[in-house]
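Below is one structure, written out as structure tokens; comments come after it.
The values are calculated or read from the model by the stated rules, or taken from the named source; none is laboratory data. Given the structure is predicted, the values throughout are model-derived calculations rather than measurements. Neighbour counts run over all protein chains shown; Cβ positions are idealised from the backbone, glycine included. Ligands, DNA and RNA are stripped out before the accessible areas are found, and what is left, the full protein with its side chains, is counted by its heavy atoms. Shrake-Rupley method; radii C 1.70, N 1.55, O 1.52, S 1.80 Å.
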Amino acid sequence: MSFKKMKASELTTMIVNKEPLFILDVRNEADFQDWKVEGHDFNYLNIPYFELLDGVEGIIEQLPKDQVILVVCAKEGSSIMVAEMLSDEGLEVSYLEGGMKAWSEHLEPVKVGELSTGGEMYQFVRMGKGCLSYMVISDGEAAIIDATRMIDVYLDFAKEKKVKITHVFDTHLHADHISGGRDIAAKMDAVYWLPPKDAEEVTFNYAKLEDGSEVKIGETSINIHALYSPGHTIGSTSFVVDERYLLTGDILFIDSIGRPDLAGLADDWVGDLRESLYKRYKQLSSELIVLPAHFMMIDELNDDGSVAGKLGVLFKQNHGLNIEDESEFRKIVTENLPPQPNAYQEIRQTNMGKITPDNDKQREMEIGPNRCAVR
């Protein structure tokens, strides 16, 4: 039998459709335990590649005979060799093209809705990393929010939609992934917006995104209102777009809330986090559709692959929004923290413009799951 390659886009479709899959992950155990491809109906076997150098006969009995087996490694090479050996044993097998490196970088555009004046809102789902970014389109113009460093995806999408990117926003200074915002703005001669309280150490020029800022996209009455909402960072800013979408950055997720510790100031910022969530957001319409900058688990995906939910529903169902005792809230968000993102200090310095790692280094810095949330 021959073996096939599976693209990251095909794997994304399987996850959204909740299809079954058996994954043979041939990375080291520590890497597998830290971060893997996740699906609703996925089964796994982790056998490091070096244990299979003499053949796969010893693991055949652990593999299914009646479903596709996807072999996964870091960059692709090892999985191709293992897939070939399994194919020679008569199994139906594929390998993940580009490995976990490609999985980390794949972006899937999903339309999340219309705007009242005929425009559109798109979400770009980075399934392997849990990052979410956005494009607002109106009257031939577009704004991008919380872009990843894979900027060609946004540029190509804008070209496909025949729109000009005029504004680029970051809701805060990111610590888990490298922003592509400045690069997009430079290439498209667009305005780059950043909250000034997060920009005290940046080395570049930017437009100050402050509470009450309004930005027009196209010739219609679509505005992006800045809502100062500190807690994840001191400058974290949310957007209310078209009076129907609330882009929350890393303050509020669908099933969790943002962590306040990535600048080493958890005890100082936890009060800001609570005020943003429990007071500022409470003043907003419960009908607003929350669009966060990350998701923590695939259970947060909707049936169409988007990550979104009404603010009123989140106030009923999200545990992080229902901790009445302030001291308990403080304890949970300062003592119940997941491991910090890989190389987060270097990522922050990159996003400040202080260092400029090459592409390989940037990939290495970002490897790993989303670690922006507290649940």
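Step by step: first the residues of the stretch 52-72, then only those that are within 30 Å of the chain's Cα centre (by Cα) and open to solvent by 10 Å² or more (accessible area, probe 1.4 Å), then the one that is farthest from M6 (Cα to Cα). Which residue is that? Within the stretch 52-72, the match that is farthest from M6 (Cα to Cα) is Q67. For the residues L301, L337, L291, the requirement of being in contact (Cβ under 8 Å) with a residue 40 or more places away in the chain, open to solvent by 40 Å² or more (accessible area, probe 1.4 Å) and within 19 Å of the chain's Cα centre (by Cα) singles out L337.
Looking at I355, I332, just one residue is among the β-branched types (V, I, T), over 30 Å from V16 (Cα atoms) and exposed (fewer than 15 other Cβ atoms within 10 Å of the Cβ), and that residue is I355.
Do the conditions hold for E38, that is, is it open to solvent by 20 Å² or more (accessible area, probe 1.4 Å) and in contact with a helix residue (DSSP H, G or I) (Cβ under 6 Å, 6 or more places away or on another chain)? So E38 passes the test.
Looking at the stretch 308-327, I want the residues that are assigned to a loop (DSSP other than H, G, I, E, B) and have a partner that is at pLDDT 95 or above and open to solvent by less than 30 Å² (accessible area, probe 1.4 Å) with Cβ atoms under 7 Å, at least 6 apart or on another chain. Which pairs are those? Cβ pairs passing all conditions: A308/V290; A308/L291. Just one of the numbered conditions (1) open to solvent by 50 Å² or more (accessible area, probe 1.4 Å); (2) touching a helix residue (DSSP H, G or I) at 6+ places or on another chain (Cβ under 8 Å) is not true of S78: (1). Taken over the stretch 139-198, the criterion of being among the small types (G, A, S), surrounded by fewer than 19 Cβ atoms within 10 Å (Cβ to Cβ) and either in a helix (DSSP H, G or I) or not assigned by TED's automatic domain parsing to the domain that holds K216 (or both) is satisfied by A186 alone.
Taking the condition open to solvent by 60 Å² or more (accessible area, probe 1.4 Å), over 24 Å from N370 (Cβ atoms) and not charged (D, E, K, R), does N223 pass? It is false that N223 is open to solvent by 60 Å² or more (accessible area, probe 1.4 Å), over 24 Å from N370 (Cβ atoms) and not charged (D, E, K, R). Give the residues of the stretch 18-53 that are under 14 Å from M100 (Cα atoms), in contact (Cβ under 8 Å) with a residue 24 or more places away in the chain and not in a loop (DSSP other than H, G, I, E, B), sorted by residue number. Hits for the stretch 18-53 are I23, L24, D25, D31, D34. Counting only strands (runs of 3 or more DSSP E) that fall entirely inside the stretch 93-136 and contain at least 1 residues that are open to solvent by 10 Å² or more (accessible area, probe 1.4 Å) and under 13 Å from F295 (Cβ atoms), the qualifying elements are 108-114. Just one of the listed residues (T166, T171, T117) is of a type in the set (V, I, T), free of Cβ contacts under 8 Å to residues at least 60 places away in the same chain and touching a strand residue (DSSP E or B) at 6+ places or on another chain (Cβ under 9 Å), and it is T166.
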